[in-house]
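Structure first, then comments.
The values are calculated or read from the model by the stated rules, or taken from the named source; none is laboratory data. Nothing here was measured: the structure is a model prediction, and the numbers come from that model. Note: ideal-geometry Cβ built from the backbone for every residue, glycine included; neighbour counts use all protein chains shown.
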Amino acid sequence: MSDKTLEEFEKGHKSFRTVNFKENEERFKVLAEKGQNPKALFIGCSDSRVMPAMITGSKPGDLFIIRNIGNLVAPYQPDSNFHATAAAIEYAVSVLKLTDVIVCGHSHCGAIASLYKDIEPTDENIHTLKWLELGEAPKKIAMMSVPATDKEALLRYTEKASVIFQIENLLTYPAVKKRVESGELFLHGWYYDIEEGLIEYYDDERYEFVPLGANKKGES
Ligand code: ZN
């Protein structure tokens, strides 16, 4: 880390200690003593422009967060490999017993864009390329639905379609499926538009993304 970056973080931490920590001191104390009891599992992209706590106005202890390249969820695969995302999903659902899971895609996602690039496999991108295979199905649907000449529309469509595919993958986890079927767990598909600072959610009755907080069907 460069001295300049470190200096910025040092300044930021000082400000956190004097302002944000002070404001939440009591809350942190309770969280430390009683443990966490988060409201939801948020599965978002590692992208530095997506800030789960900031865009949802969440406080410390509110969100259990998984971030990975492209907010992707690999299907349930009980084998001897190391599965970080799967382990965190299991922990959130089976141990913390959270009631809500949010998969949040976002605009201008580099992972989604790279699905449309011809990338030569090397020993420096082997895990990335394997991981991005989880975006192939939404890419196919997008290519059937949007003209390839409209590149930006194709990317936005793929980013949104991918969220729905990842929710389907979540349902391959026995713990998730069981709790969704018994009404103990709810899955949500979100999409965050970086320029607009707007979250949309997937309405599975209307088959479209609508702004979070907008009146639901049947409500006035
Ligand atoms: Zn992304």
Next on the checklist: Conditions first: (1) more than 30 Å from residue 210 (Cα to Cα); (2) surrounded by fewer than 10 Cβ atoms within 10 Å (Cβ to Cβ); (3) within 25 Å of the chain's Cα centre (by Cα); (4) not hydrophobic (A, V, I, L, M, F, W, C). Residue 33 passes all but one, so which condition is the exception?
Outcome noted: (3)
Checklist entry - Do we have residue 118 as in contact with a strand residue (DSSP E or B) (Cβ under 7 Å, 6 or more places away or on another chain), loosely packed, with under 15 Cβ neighbours inside 10 Å and at pLDDT 95 or above here? => result no
Item to check | Residue list for segment 61-90, restricted to those being over 18 Å from residue 140 (Cβ atoms), in contact with a strand residue (DSSP E or B) (Cβ under 8 Å, 6 or more places away or on another chain) and not charged (D, E, K, R) | outcome: 63, 64, 65, 66, 68, 69, 71, 84, 85, 88, 89
Item to check | Residue list for segment 22-62, filter: touching a Pro at 6+ places or on another chain (Cβ under 7 Å) and assigned to a helix (DSSP H, G or I) | outcome: 27, 28, 31
Checklist entry - Has segment 85-102 got any residue that is within 16 Å of the ligand (Cβ to nearest atom), surrounded by 11 or more Cβ atoms within 10 Å (Cβ to Cβ) and assigned by TED's automatic domain parsing to the domain that holds residue 130? => result yes
Next on the checklist: Quick check on my filter: what residues within segment 40-54 are within 12 Å of the ligand (Cβ to nearest atom) and touching a residue at least 24 places away in the same chain (Cβ under 8 Å)?
Outcome noted: 43, 44, 45, 47, 49, 50
Item to check | Which listed residue is on the phi < 0 side of the Ramachandran plot and under 15 Å from the mean Cα position of the chain (by Cα), from 200, 184 | outcome: 200
Item to check | Subset of segment 176-197 (residues that are surrounded by 14 or more Cβ atoms within 10 Å (Cβ to Cβ), outside any loop (DSSP other than H, G, I, E, B) and not charged (D, E, K, R)) | outcome: 176, 180, 187, 188, 189, 190, 191, 192
Item to check | Filtered residues of segment 186-195 (kept if in contact with a Ser or Thr (Cβ under 6 Å, 6 or more places away or on another chain) and among the hydrophobic types (A, V, I, L, M, F, W, C)) | outcome: 194
Checklist entry - Residues in segment 160-195 that are without any contact (Cβ under 8 Å) to a residue 60 or more places away in the chain and either among the basic types (Lys, Arg) or over 20 Å from residue 72 (Cβ atoms) (or both): how many? => result 6
Item to check | Those residues of segment 161-217 which are aliphatic (A, V, I, L, M), farther than 20 Å from residue 139 by Cβ and at pLDDT 95 or above, in sequence order | outcome: 171, 175, 176, 180, 185, 187, 194, 198, 199, 210, 212
Next on the checklist: Going by what's in this entry, would residue 72 be described as part of a loop (DSSP other than H, G, I, E, B), within 16 Å of the ligand (Cβ to nearest atom) and touching a residue at least 12 places away in the same chain (Cβ under 8 Å)?
Outcome noted: yes
Checklist entry - Quick one: would you say residue 150 is more than 14 Å from the ligand (Cβ to nearest atom) and farther than 17 Å from residue 71 by Cα? => result yes
